[in-house]
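The block underneath contains the structure these notes are about, expressed in structure tokens.
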Amino acid sequence: MNDPTITRETGCALVTGGSRGIGRAIAVQLAEDGYDVGFCYRKDHEAALETAQLVGRAGRRSFHRAVDVTDFSAVSDFAEEAQEKLGQVSVAVAGAGITRDRSLALMPPDDWSAVLRTNLDGAFHLSRAVLMGMIRRKSGSLILISSVAGFAGNAGQANYAASKSGMHGLAGSLSKETGRHGVRVNVVAPGFIESDMVAGLSVKSRLKAEQAIPMGRFGEAHQVAAAVSFLASARAAYITGSILRVDGGLTL
Ligand code: NDP
């Protein structure tokens, strides 16, 4: 934060899925904003170490752990340990997400539940782990990373779109439950962002996507992180229950 009139809340930021891609960009951005950062990931330990180094380079402390966000107790333990090491949680970002794309008519039930459990249950688990503390302190910002697929669905992504729409409902409800307690809950909904998640797109699909985006190109992870940084900050002090699209105009 460069504006000297704005002071950040004290405490740390938690980011699920902070080892790679958008989650890593968010972890690093929040470190640059002055937060110590606790983050978790599923299994890519090397990538996690790299994120920790980047947080360190930004002059902040970090704590990371391999935690499966589908596991309620594991996420609670992670949040508790992060607080012991880094202080109270001021900002929490539910970034962990997966896709298992397939037409619904052919979708194995496991692919449905893996996506719902990671994306939606994972967001619930993080929210549940941090909200009571934020409510008690009458301060905090929770940010869920959804997707433009959460607005109108996407062929081949019924599981993913359902999970992301669910996050919109979750955030709206939480913002109504917590607004009077000084806690803000918002969503960032990215469009196509350069990352491992879109690396598998065929040349044809990528071209089609670029043609549908008014800005004519995919976004970058740091651009999503900038939106998170804003929503986490005091500059967004009167913003709760919002969904901020970072999609180059894709959903206009
Ligand atoms: P990546 O695939 O690059 O990274 C996903 C991150 O989530 C990794 O850190 C991964 O850990 C972690 N993760 C996955 N499953 C679990 C789990 N069960 N428990 C804990 N951590 C887990 O994804 P992106 O950076 O592309 O996406 C980040 C978020 O942004 C997701 O929620 C995604 O849905 C959303 N999004 C992305 C878009 C895009 O175009 N890229 C567009 C719209 C939304 P590990 O590396 O160990 O597996």
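The values are calculated or read from the model by the stated rules, or taken from the named source; none is laboratory data. Here the structure is a predicted model, which is why all the values come from computation and not from measurement. Heads up, the Cβs are rebuilt from the backbone with ideal geometry, glycines too, and the neighbour counts pull from every protein chain shown.
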Filter segment 15-43 for residues that are among the hydrophobic types (A, V, I, L, M, F, W, C) and either at pLDDT below 95 or under 24 Å from Arg235 (Cβ atoms) (or both) and give the result. Val15, Ile22, Ala25, Ile26, Ala27, Val28, Leu30, Ala31, Val37, Phe39
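If we keep just the residues of segment 125-140 that are in a helix (DSSP H, G or I) and buried (at least 20 other Cβ atoms within 10 Å of the Cβ), which is farthest from the chain's Cα centre (by Cα)?
Looking at the filtered set, the residue picked out is Met134.
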Would you confirm, using the coordinates I've provided, whether Ser90 is more than 16 Å from the ligand (Cβ to nearest atom), outside any loop (DSSP other than H, G, I, E, B) and either crowded, with 17+ Cβ neighbours inside 10 Å or within 20 Å of the chain's Cα centre (by Cα) (or both)? yes
What is the one condition in (1) within 16 Å of the ligand (Cβ to nearest atom); (2) in contact with a helix residue (DSSP H, G or I) (Cβ under 9 Å, 6 or more places away or on another chain) that Asp110 does not satisfy? (2)
Inside segment 188-208, can you point out the residues that are in a loop (DSSP other than H, G, I, E, B), in contact with a strand residue (DSSP E or B) (Cβ under 8 Å, 6 or more places away or on another chain) and near the ligand (Cβ under 7 Å from one of its atoms)? Gly191, Phe192
Answer residue from segment 149-160, given it is buried (at least 20 other Cβ atoms within 10 Å of the Cβ) and closer than 16 Å to Val188 by Cα and is farthest from the ligand (Cβ to nearest atom) among those: Gly150
Any hit, segment 216-234, residues being within 16 Å of the ligand (Cβ to nearest atom), touching a helix residue (DSSP H, G or I) at 6+ places or on another chain (Cβ under 8 Å) and of a type in the set (Lys, Arg): yes
Cross-chain or 6+ apart pairs with Cβ under 8 Å, segment 68-96 first and modelled with pLDDT of 95 or more, then more than 16 Å from the ligand (Cβ to nearest atom) and among the β-branched types (Val, Ile, Thr): Ala79/Val89; Ala82/Val89; Gln83/Val89; Gly87/Thr10; Gln88/Thr10; Ser90/Thr10
In segment 56-77, how many residues are outside any helix (DSSP H, G or I), on the phi < 0 side of the Ramachandran plot and not polar (S, T, N, Q)? 11
Taking segment 40-78 as the region of interest, how many residues are of a type in the set (Gly, Ala, Ser) and either buried (at least 17 other Cβ atoms within 10 Å of the Cβ) or near the ligand (Cβ under 10 Å from one of its atoms) (or both)? 7
Matching residues, segment 210-250, being in contact with a Ser or Thr (Cβ under 7 Å, 6 or more places away or on another chain) and charged (D, E, K, R): Arg245
When both residues are 6+ apart or on different chains and their Cβ atoms are under 7 Å apart, which pairs have a first residue that lies in segment 45-59 and is of a type in the set (Asp, Glu), and a second that is away from the ligand (no atom under 12 Å from the Cβ) and at pLDDT below 95? none
Of the listed residues (Gly18, Gly23), the one being surrounded by 18 or more Cβ atoms within 10 Å (Cβ to Cβ), part of a loop (DSSP other than H, G, I, E, B), within 15 Å of the ligand (Cβ to nearest atom) and within 18 Å of the chain's Cα centre (by Cα) is Gly18
